[in-house]
Amino acid sequence: MSRSSQLTRSAGCSNDSTRTSPRNAIAAFWFAYIVTRPLGASFADWFAAPTGTTGGLGWGTGPITAVLTVAIIGLVGYLSTRSVS
């Protein structure tokens, strides 16, 4: 028995799940990226666009970038410290 199969068995994983999970993780990442990117860009453009004929809120790109950066860092920090059960 190879070292990697010993590790997966000791972790409670079967060989079938370890073969398919990387593919599923990659597919899930790209699905989420493709679905959410246009939506996020549309909201960011709406918040940053000038008021008037474009219908934006006129907040500018700097504040929007700062708020989204803080939100993403906060979410990643929260998820990385959360205990996995």
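The values are calculated or read from the model by the stated rules, or taken from the named source; none is laboratory data. Everything numeric here is computed off the predicted structure, so don't read it as measured data. Cβ atoms come from the backbone with ideal geometry, glycine included; neighbour counts cover every protein chain shown. Surface areas here come from the heavy atoms of the whole protein model, side chains and all, with no ligands, DNA or RNA. Shrake-Rupley method; radii C 1.70, N 1.55, O 1.52, S 1.80 Å.
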Taking first residues from segment 51-75 that are among the charged types (D, E, K, R) and second residues anywhere that are loosely packed, with under 12 Cβ neighbours inside 10 Å, the pairs with Cβ under 9 Å that are 6 or more apart or on different chains are none
Helices (runs of 4 or more DSSP H) contained entirely in segment 1-83, each with at least 2 residues that are at pLDDT 85 or above and open to solvent by less than 100 Å² (accessible area, probe 1.4 Å): 15-48, 61-81
